[in-house]
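Novice: Dumping the structure here so I can ask a few things about it.
The values are calculated or read from the model by the stated rules, or taken from the named source; none is laboratory data. All figures in this text were calculated on a predicted structure; none of them were measured in a lab. Every residue, glycine among them, receives a Cβ derived from its backbone with ideal geometry; neighbour counts consider all protein chains shown.
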Amino acid sequence: MTFDPNQSLPQEEVDDIVDEAIESNDVVLFMKGTPMMPQCGYSDRALRLLQEYREEFETVDVLQSLDEFRVALERHSGWTTTPQTFVNGEFVGGSDILMELHERDELATTLEA
């Protein structure tokens, strides 16, 4: 299997994936890679922080169509970077914000669904 960086999904399809993931899950992490194989340090850190406080949450691998996910996520958060975490449909932030909340002992409360 080879990875074609020029392959992408239609923008409308990615918009639907993002909208559905945010609306249908208490907590969702848009990350590079998968929980079994994070593809960047920031995604790995966000994943580990969420795993520390929650047994169940959804993840979406943005690498399947990176440019289109950036556009779709920016509509919800104003950010084009990943990872991005949403709780109860609201944008919380990336790995740095999750770490700040963790250090202030506020992440558990933030992740309550």
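Novice: Which residues, taken from the range 68-93, are over 19 Å from Val14 (Cα atoms) and out of contact with any Ser or Thr (no Cβ under 9 Å at 6 or more places or on another chain)?
Specialist: Within the range 68-93, Asn88 is the sole residue that qualifies.
Novice: Taking the condition β-branched (Val, Ile, Thr), part of a helix (DSSP H, G or I) and without any contact (Cβ under 8 Å) to a residue 12 or more places away in the chain, does Thr109 pass?
Specialist: So Thr109 passes the test.
Novice: Going by the structure shown, is Asp15 part of a helix (DSSP H, G or I) and in contact with a strand residue (DSSP E or B) (Cβ under 6 Å, 6 or more places away or on another chain)?
Specialist: no
Novice: Okay, moving on. Looking for something of a type in the set (S, T, N, Q) and at pLDDT below 95 - is there at least one such residue anywhere in the range 50-69?
Specialist: For the range 50-69, residues of a type in the set (S, T, N, Q) and at pLDDT below 95: present.
Novice: Now a separate question. Pull up the range 49-67, narrow it to residues that are touching a Ser or Thr at 6+ places or on another chain (Cβ under 9 Å) and not in a helix (DSSP H, G or I), then point me to the one that is surrounded by the fewest Cβ atoms within 10 Å (Cβ to Cβ).
Specialist: The selected residue is Glu58.
Novice: Continuing with this model, one more query. Is it the case that Arg70 is touching a residue at least 60 places away in the same chain (Cβ under 8 Å), farther than 12 Å from Ala46 by Cβ and in a helix (DSSP H, G or I)? Quick ask: steps written out before the conclusion?
Specialist: Numbers: touching a residue at least 60 places away in the same chain (Cβ under 8 Å): no; farther than 12 Å from Ala46 by Cβ: yes; in a helix (DSSP H, G or I): yes.
Taking the combined requirement at face value, the residue does not satisfy it.
Novice: Could you list all residues from the range 73-106 that are in a helix (DSSP H, G or I) and touching a strand residue (DSSP E or B) at 6+ places or on another chain (Cβ under 9 Å)?
Specialist: If the condition is that a residue be in a helix (DSSP H, G or I) and touching a strand residue (DSSP E or B) at 6+ places or on another chain (Cβ under 9 Å), then Leu73, His76, Ser77, Ser95, Ile97, Leu98, Glu100, Leu101 are the ones that fit.
Novice: Moving on to the next point. Consider Glu56 carefully, then state whether it is touching an Asp or Glu at 6+ places or on another chain (Cβ under 9 Å) and not hydroxyl-bearing (Ser, Thr, Tyr). Break it down into steps so the answer makes sense when it comes.
Specialist: Working: touching an Asp or Glu at 6+ places or on another chain (Cβ under 9 Å): yes; not hydroxyl-bearing (Ser, Thr, Tyr): yes.
Taking the combined requirement at face value, the residue satisfies it.
Novice: Moving on to the next point. Among Ala46, Ala21, which is the only one that is in a helix (DSSP H, G or I) and touching a helix residue (DSSP H, G or I) at 6+ places or on another chain (Cβ under 7 Å)?
Specialist: After ruling out the rest, the residue left standing is Ala46.
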